[in-house]
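Everything on this sheet refers to the single structure shown next.
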């Protein structure tokens, strides 16, 4: 399409990428439905029958734990006349019964009961449609496509970085949700670069080493020394740290960055604010980052983790959900305080949200023109490459 053919390499996207409803409609087909989307966490459905529902692009999905302990993802559409079957957003159920005509489904989606049907009616052919689902280190992903992309490669690359943090044995301690008046790519690009960290994120720069160096090049010499000591410590602790990137499409990536000297957590004091997670052997596990585009960003220290999820609701409206995780046995008010736990990422996220709202407002102007990207915005170039490869391939 002309929009792709005419774009200038090394520059931001043209306005239409952020405001055109036709582009947004194509993104649903080529970016979101074919890819693995972050749905939730094991701790939301710890027992058989536990469920929650979520919305993606007009689809309502029931995620539940079956009697066999497996996680199921089901389209919330009755196979009789199409009614929503489950009207609650979360809960516990042994079956799902349609409120319209009482067709009843088991937790795996199979049809259990349907009154007054002809003798030739086959229940086995009328179960709820299943959605592809995978669980990685406790994080649940779904795919809306008929044939999902490979997930084994995501696990192969990211699990070695994540496994010692024990995310599967963690719980959500706090969450917040905001709907922002901006295109999802404005958020995606913002979270792909740290060029803005110096001007906008003094708290982030006070804890994460690479952000501090990006903000102040005078810290480079000191930073290299701190980085070398951190890598030596990671190796002694058996912590994976080398960056991994999917070679072809940049669909997923991850790595472990050192914290600034004197900090072992992203807390306001730099000290631990919750019990150590997983089987980590030291309070300083650096700053772990895992990304599965387009909806999952995780950053974690040894004592807590934060996950951000972006869900587009329209071309100029994006839901942003932020979740804070701690060890599953940690007790609120005893082992951690909510205010201390959320300080770092609530502060950072609020700053980012304001930046993105302002960015979109400028993009909406008739005078907007994409400008050249700096060397510190290489992450945006990677984001664009990933986006365009998938946008064009479909």
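Taking 1.567 mPa s as the viscosity and 4 °C as the temperature, the Stokes-Einstein diffusion coefficient of segment 87-167 based on its alpha-carbon Kirkwood radius rounds to 82 µm²/s.
If you average 1/r over all unlike Cα pairs in segment 25-77 and invert the result, what Kirkwood radius do you get in angstrom? It works out to 12.1 Å. The Rg/Rh ratio for the chain, using Cα coordinates for both the radius of gyration and the Kirkwood hydrodynamic radius, is 0.99.
Counting only Cα atoms, the size of segment 6-50 along its three principal axes is 53, 23, 17 Å, in decreasing order.
Here the spin labels are modelled as points 7 Å beyond Cα on the Cα-Cβ line, and at residue 335 and residue 123 they lie 4.3 nm apart. Would segment 334-385 count as rounded, prolate or oblate if I go by the C-alpha gyration tensor, calling it rounded below 1.5 in a/c and otherwise prolate when a/b exceeds b/c, oblate otherwise? Verdict is oblate for segment 334-385. Taking a label point 7 Å from the Cα of residue 92 along the Cα→Cβ vector, which residues of segment 47-62 have an amide N closer than 15 Å to it? Label zone hits: 47-52.
Once you order the gyration tensor axes a ≥ b ≥ c over the Cα atoms, which shape class does segment 111-248 get: rounded for a/c under 1.5, otherwise prolate or oblate by comparing a/b with b/c? Before the final figure, lay out the partial values.
Numbers: a/c = 3.07, a/b = 2.14, b/c = 1.44.
It comes out prolate by the Cα gyration axes.
Taking the Cβ-Cβ separation of residue 177 and residue 236 as r and a Förster radius of 51 Å, what is the calculated FRET efficiency to the nearest 0.05?
Working: r = 40 Å, r/R0 = 0.78.
After rounding, the FRET efficiency stands at 0.80.
Enclosing the Cα atoms of segment 270-394 in their convex hull gives a volume equal to 168 cubic angstrom per residue.
Would you work out the Kirkwood radius for segment 253-328? I mean one over the mean of 1/r across all pairs of different Cα atoms, in Å. About 13.5 Å for segment 253-328.
Shape class of segment 316-357 from the alpha-carbon gyration tensor: prolate, with a/c at 1.5 or above and a/b greater than b/c. Taking Cα centroids, how far is segment 281-350 from segment 74-118 in Å? Centre-to-centre distance over Cα atoms comes out at 34 Å. Applying 0.36 nm per residue to the separation of residue 67 and residue 319 and subtracting their alpha-carbon distance, the gain on full extension is 87.5 nm. Averaging the Cα positions of each part gives two centres, and for segment 36-51 and segment 131-185 these lie 11 Å apart. Each Cα pair of segment 37-143 feeds into the Kirkwood radius, which the Stokes-Einstein equation turns, at 20 °C and 1.002 mPa s, into a diffusion coefficient of 154 µm²/s.
Readers should treat all values here as calculations from the given coordinates under stated rules, not as data from a laboratory. Everything numeric here is computed off the predicted structure, so don't read it as measured data. Reconstructed Cβ throughout: ideal geometry from the backbone, glycine too, with neighbour counts over all protein chains shown.
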